[in-house]
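To start, the structure under review is shown below, and the notes come after it.
The values are calculated or read from the model by the stated rules, or taken from the named source; none is laboratory data. Since the model is a prediction, treat every value here as computed from it, not as a measurement. Every residue, glycine among them, receives a Cβ derived from its backbone with ideal geometry; neighbour counts consider all protein chains shown. Areas reflect the complete protein model, heavy atoms only, side chains present, ligands, DNA and RNA absent. Shrake-Rupley method; radii C 1.70, N 1.55, O 1.52, S 1.80 Å.
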Amino acid sequence: MLYSIENVDLGTPFAGDRIDSGQDYNGDGFNDIFMGERLLNRVRIFSGLDGTEIMTINGPKDSAFGSGRMIDDIDGDGQADLIIGGVATDAGGVDSGRASLYSGADGSVIRQFTATDDNFFFGVDAVPFGDLNGDGALDFLVAAIGWEDDNLFGAAFVIAGEPVETPGDIDGDGSVGVRDLLILLGSWGLCDDCNDCPADLDDDCTVGVPDLLILLGNWG
């Protein structure tokens, strides 16, 4: 055994995975470990190298927060992010549930999906699902399990991700390259219309060296 991680309370209510790996959050070249502690309404990320704690994300009290996964970078900061469900969150109704996307850089909320029906328990599990609609953004599958007329039901929802705009992608093809550079150089100087000047990347109504540096910094 290389090491052990102690004092982790994964909890027992509902289903859904609460352990995951496959992303490097501290940049040491080793995949780290996701632990969802639903009785404590929190998720902790531990170093895959030595088991030390890297990050803690706390959910609302009594929300059974903790089912989820590590996901690829969705906000464009170069850092892997997370999707986490809180099945008993009351944000949209009693035990309606919610799934949230969190920054892997600082634990801040990127986006939230909130159910509005009582006892829906949306977010019992939440996983990345690839790019189903071809827009370049990661999509998600979020499950719900609840009660309706004293009958237990289950459901799964596919939720579209939001494409990240890359500074310098002037032609909107999802990458920064020669065509963007040519557009920028062809627009060099004062913008004719400050509200319609795609090559003005720093919004100063002029296309110049600062814009060129932004473009080159996002090349590829």
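Calculated from DSSP H runs of 4 or more alone, at -39500 (n - 2.57) each and per residue, what is the 222 nm mean residue ellipticity of the chain, nearest 500?
-2500 deg cm²/dmol
Based on the Cβ-Cβ distance of ASN151 and ALA91, what FRET efficiency does E = 1/(1 + (r/R0)^6) give at R0 = 25 Å, to the nearest 0.05?
Given R0 = 25 Å and the Cβ-Cβ separation, E is 0.55.
If you consider only alpha-carbon coordinates, what radius of gyration and Dmax does the stretch 102-172 have, in Å?
Just the Cα atoms of the stretch 102-172 yield Rg and Dmax of 15.8, 55 Å.
Multiply the residue separation of GLU165 and PHE30 by 0.36 nm, subtract the distance between their alpha-carbon atoms, and state the gained length in nm to one decimal.
Using 0.36 nm per residue and subtracting the Cα-Cα distance, I get 45.7 nm.
What is the stretch 1-126 by shape, rounded, prolate or oblate, if you read a ≥ b ≥ c off the alpha carbon gyration tensor as root eigenvalues and call it rounded for a/c under 1.5, prolate for a/b larger than b/c, and oblate otherwise?
Numbers: a/c = 2.56, a/b = 1.49, b/c = 1.72.
Verdict is oblate for the stretch 1-126.
Going by a ≥ b ≥ c, the root eigenvalues of the Cα gyration tensor, does the stretch 140-180 fall in the rounded group (a/c under 1.5), the prolate group (a/b larger than b/c) or the oblate group?
Prolate shape, in that a/c is at least 1.5 and a/b is the bigger ratio.
Rank by packing, highest mean first: peptides 82-89, 207-214, 140-147, with packing defined as the count of other Cβ atoms within 10 Å averaged across residues.
Values: 82-89: 28.2, 207-214: 16.2, 140-147: 20.9.
Put in order of decreasing packing, that is 82-89, 140-147, 207-214.
Between LEU2 and ILE214, what is the label-to-label distance in nm when each label sits 7 Å out along the Cα-to-Cβ direction?
Once both label points are built, they end up 4.2 nm from each other.
Rolling a 1.4 Å sphere over the protein heavy atoms, what is the accessible area per residue of the chain, to the nearest Å²?
52
Which residue fluctuates most in the GNM of the chain (Cα springs below 10 Å): PHE122, PHE65, PHE46?
Among PHE122, PHE65, PHE46, the largest GNM mean-square fluctuation belongs to PHE46.
Per the Kirkwood formula on distinct C-alpha pairs, the Rh of the chain is how many angstrom? Don't jump to the answer; show the numbers that get you there.
Details: mean 1/r = 0.0515 Å⁻¹.
Value: 19.4 Å, from the Cα pair sum.
Starting from the Cα coordinates of the stretch 135-214, work out the convex hull volume and express it per residue in Å³.
It comes to 120 Å³ per residue, whole-number rounded.
I'd like the carbon and sulfur percentage of the solvent accessible area for the chain, probe radius 1.4 Å, heavy atoms only, ligands and nucleic acids excluded.
In the chain, the share of accessible area belonging to carbon and sulfur is 50 percent.
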